[in-house]
Amino acid sequence: MSTVEEPLYPIAVLIDELKNDDIQLRLNSIRRLSTIARALGEERTRKELIPFLSENNDDDDEVLLAMAEELGVFIPFVGGVDYAHVLLPPLETLCTVEETCVRDKAVESLCRIGSQMRETDLVEWFIPLVKRLAAGEWFTARVSACGLFHIAYPSAPDTLKTELRSIYSQLCQDDMPMVRRSAASNLGKFAATVEPAHLKTDIMSIFEDLTQDDQDSVRLLAVEGCAALGKLLEPQNCVAHILPVIVNFSQDKSWRVRYMVANQLYELCEAVGPEPTRMDLVPAYVRLLRDNEAEVRIAAAGKVTKFCRILSPELAIQHILPCVKELSSDSSQHVRSALASVIMGMAPVLGKDATIEQLLPIFLSLLKDEFPDVRLNIISKLDQVNQVIGIDLLSQSLLPAIVELAEDRHWRVRLAIIEYIPLLASQLGVGFFDEKLGALCMQWLQDKVYSIRDAAANNLKRLAEEFGPEWAVQHIIPQVLEMSTNPHYLYRMTILRAVSLLAPVMGSEITCSKLLPVVINASKDRVPNIKFNAAKVLQSLIPIVDQSVVEKTICPCLFELGEDPDVDVRFFANQALQTIASVMMS
């Protein structure tokens with residue numbers, strides 16, 4: 001009897017838990033569907049589990065979302081691709097619910113299943129599902145239908161293909177803006193599956209309807225379609241059909257549409273070719289860079305480098321650079337920030353002379369901007385300019401500004417400068433670095449902000465790697481030793497951090513003679529935090545120094561710390577001693 005009841009047990013648990021009032025139990029049950037399906041076997045999953053899920057009318061969106069996700073990977077549990085169609089009914093139901101994220105997940109799962117189904121099954125099961133959803137009384141079904149056409153269309157016979165194109169056209173003229181929005185956003189995917197002959201006629205007429213929609217939310221999605229369709233059409237057709245639309249959109253009365261154009265424009269340049277770009281798209285882009293809405297200028301400014309790469313340097317200097325100069329003193333800090341994040345990329349495009357003459361003054365003005373994000377974005381991309389103008393000019397023009405920013409009142413700006421220092425050091429060379437930036441690197445070890453002190457310690461390690469241990473012994477170690485007696489315990493802790501990072505770079509001899517005494521002194525500090533950090537550093541030095549040093553110097557120090565009144569100090573000292581013991585054993 002028990003052997004008969006055993007297979008029923010998982011489905012019984014599932015049904016009980018799916019009907020439970022506790023949402024967490026229902027969720028857990030749905031997420032275990034694959035386990036339950038394995039227990040039931042393929043046939044019972046098809047005949048019992050899937051019909052049960054189809055009838056399940058749970059009203060909680062989280063449960064429905066989990067179910068939509070699980071069903072997308074369920075083909076192996078129902079008997080493979082031959083039976084994939086049995087998964088369609090529950091997903092069809094989920095495509096009609098009110099919650100958008102559930103519908104989106106159901107559409108995604110249907111696309112995944114549809115892409116694995118055989119052509120005959122697609123015609124028999126999938127295409128009728130798409131038609132049912134497209135004719136749905138409630139708008140949610142029609143919204144979901146739009147995302148399935150690109151899966152259904154390639155397998156359909158010619159008569160059905162004509163019908164599917166006609167249905168899609170009707171969806172693009174639906175009374176509900178949400179349906180038209182979905183049709184507009186999926187048009188690119190659908191168009192990619194349509195034959196070239198119908199692309200020029202049916203799809204382009206659908207596209208033109210969408211571009212003239214009275215809802216700006218539909219028109220802005222049509223802008224996305226411009227780039228997708230532009231790549232599918234021949235250049236001459238693209239110029240004839242897509243270019244006029246984009247030029248009109250760049251002057252649309254809705255700023256959201258113009259914003260989308262600013263984001264997409266550079267992609268269209270590749271589709272239409274150089275001449276139409278010069279004649280039509282450059283003026284459109286210049287208009288967007290000077291738009292009266294800050295959001296549009298932000299989007300346009302963020303794409304300025306990508307756009308310039310498509311143009312010749314002469315065109316960029318003639319048309320785009322004047323706008324860039326205006327944007328560098330824009331009233332909106334966010335526009336200046338967007339420009340600062342990409343403007344450095346213009347240097348390789350424009351070449352050395354134009355960069356020195358035109359761009360350098362803009363860089364300097366942005367480096368002195370009152371808004372920290374603008375300064376930050378410029379600093380993080382300095383290496384792109386260096387490659388173009390060379391280190392001499394960079395050091396003359398930009399270095400004074402960098403030194404000024406090293407003491408910036410915003411700690412994130414100081415942090416960005418520190419992270420840039422090793423790269424700058426490698427390019428400036430050791431002599432120039434010592435003269436201009438050496439003192440700064442030590443100064444950061446005493447910053448008020450922990451992140452800066454920590455980055456400064458890392459910076460010393462990277463500089464020691466760049467210039468070598470001999471240089472570090474002369475220029476870093478003496479100042480580190482001097483700071484190790486700083487009256488403030490937080491600064492003494494930073495020195496311990498610097499020692500632990502420098503030791504592997506400096507090697508055994510210098511570590512024993514110069515760095516180890518600093519740590520031994522720190523272990524006798526009056527502050528427990530310093531003492532247990534000293535124990536941690538001693539532990540990190542064990543692999544670096546000789547065994548005799550470990551036995552004669554490190555062990556006695558750790559034994560002393562192991563008897564400290566503070567519990568944390570004792571813990572870390574004993575941890576270090578255990579490490580030594582395990583090293584000795586091995």
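For S115, are the conditions met, namely being hydroxyl-bearing (S, T, Y) and open to solvent by 40 Å² or more (accessible area, probe 1.4 Å)? Answer is yes for this residue.
Note on the range 214-230: residues that are surrounded by fewer than 20 Cβ atoms within 10 Å (Cβ to Cβ) and over 16 Å from L268 (Cβ atoms) total 4. Within the range 445-467, residues that are without any contact (Cβ under 8 Å) to a residue 60 or more places away in the chain and open to solvent by 10 Å² or more (accessible area, probe 1.4 Å) reach partners that are assigned to a loop (DSSP other than H, G, I, E, B) and among the polar types (S, T, N, Q) with beta carbons closer than 8 Å, at six or more positions or on different chains, in the pairs Q446/N486. Within the range 152-163, the presence of a residue that is at pLDDT 85 or above and not in a helix (DSSP H, G or I) is excluded.
Applying the selection to the range 180-205, what residues are part of a helix (DSSP H, G or I), of a type outside the set (S, T, N, Q) and closer than 15 Å to N237 by Cβ?
First, the residues of the range 180-205 that are part of a helix (DSSP H, G or I): 180-191, 196-205.
Adding the requirement that they be of a type outside the set (S, T, N, Q) leaves 180-181, 183-184, 187-191, 196-200, 202-204.
Within the range 180-205, A191, P196, A197, H198, L199, K200, D202, I203, M204 meet the criteria.
Quick one: how many residues across the range 192-210 are open to solvent by 20 Å² or more (accessible area, probe 1.4 Å) and under 33 Å from the mean Cα position of the chain (by Cα)? Residues that pass the stated criteria total 2. Restricting attention to the range 187-209, the residues being among the aromatic types (F, W, Y) and free of Cβ contacts under 8 Å to residues at least 40 places away in the same chain number 1.
Taken together, the residues in the range 294-326 that are surrounded by 16 or more Cβ atoms within 10 Å (Cβ to Cβ), modelled with pLDDT of 85 or more and more than 21 Å from Q251 (Cβ to Cβ) amount to 1. Please indicate, with yes or no, whether at least one residue in the range 414-424 is at pLDDT below 75, crowded, with 16+ Cβ neighbours inside 10 Å and assigned to a helix (DSSP H, G or I). Yes, the range 414-424 contains at least one residue that is at pLDDT below 75, crowded, with 16+ Cβ neighbours inside 10 Å and assigned to a helix (DSSP H, G or I).
The number of residues in the range 162-191 that are open to solvent by less than 30 Å² (accessible area, probe 1.4 Å) and over 33 Å from the mean Cα position of the chain (by Cα) comes to 6.
Would you please name the residue that is surrounded by the fewest Cβ atoms within 10 Å (Cβ to Cβ), looking only at residues in the range 485-509 that are assigned to a helix (DSSP H, G or I) and β-branched (V, I, T)? Ranking the candidates gives V505 first. If you check T120 against the conditions, is it open to solvent by 10 Å² or more (accessible area, probe 1.4 Å), more than 34 Å from the chain's Cα centre (by Cα) and not charged (D, E, K, R)? Answer is yes for this residue.
Quick check: is even one residue across the range 246-257 modelled with pLDDT of 80 or more, in contact with a Leu (Cβ under 9 Å, 6 or more places away or on another chain), within 26 Å of L171 (Cα to Cα) and open to solvent by 40 Å² or more (accessible area, probe 1.4 Å)? Yes, the conditions are met somewhere in the range 246-257.
Condition first: open to solvent by 40 Å² or more (accessible area, probe 1.4 Å), of a type outside the set (S, T, Y), at pLDDT below 75 and not in a helix (DSSP H, G or I). Can you find one or more residues in the range 63-79 that meet it? Taking every residue of the range 63-79 in turn, none turns out to be open to solvent by 40 Å² or more (accessible area, probe 1.4 Å), of a type outside the set (S, T, Y), at pLDDT below 75 and not in a helix (DSSP H, G or I).
Taking the stated definitions as given, is T553 surrounded by fewer than 20 Cβ atoms within 10 Å (Cβ to Cβ) and either part of a loop (DSSP other than H, G, I, E, B) or aromatic (F, W, Y) (or both)? Taking the combined requirement at face value, the residue does not satisfy it.
I want to confirm something. Restricting to the range 327-346 and keeping residues that are farther than 16 Å from F363 by Cβ and hydroxyl-bearing (S, T, Y), which single residue is most open to solvent (accessible area, probe 1.4 Å)? In this case the residue turns out to be S331. N263 falls short on exactly one of the conditions (1) at pLDDT below 80; (2) open to solvent by 30 Å² or more (accessible area, probe 1.4 Å), and that condition is (1).
Of all the criteria given as (1) open to solvent by less than 30 Å² (accessible area, probe 1.4 Å); (2) in a helix (DSSP H, G or I), the one not satisfied by D291 is (2).
Would you confirm, using the coordinates I've provided, whether V518 is in a helix (DSSP H, G or I) and of a type outside the set (D, E, K, R)? Let's see the steps before the verdict.
Values: in a helix (DSSP H, G or I): yes; of a type outside the set (D, E, K, R): yes.
Answer is yes for this residue.
Every residue, every condition in (1) of a type in the set (D, E, K, R); (2) open to solvent by less than 10 Å² (accessible area, probe 1.4 Å); (3) over 16 Å from D61 (Cβ atoms); (4) at pLDDT 85 or above, yes or no:
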residue: H85; (1), (2), (3), (4): no, no, yes, no
residue: L91; (1), (2), (3), (4): no, yes, no, yes
residue: K105; (1), (2), (3), (4): yes, no, no, yes
residue: E108; (1), (2), (3), (4): yes, no, no, yes
residue: C111; (1), (2), (3), (4): no, no, yes, yes
residue: W125; (1), (2), (3), (4): no, no, yes, no
residue: V130; (1), (2), (3), (4): no, yes, yes, yes
residue: A134; (1), (2), (3), (4): no, no, yes, yes
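The values are calculated or read from the model by the stated rules, or taken from the named source; none is laboratory data. The structure displayed is predicted, hence computed values, not measured ones. When we count neighbours, we look across all protein chains shown, and the Cβ atoms used for this are built from the backbone with ideal geometry, even at glycine. With ligands, DNA and RNA removed, areas are computed over all heavy atoms of the protein, side chains included. Shrake-Rupley method; radii C 1.70, N 1.55, O 1.52, S 1.80 Å.
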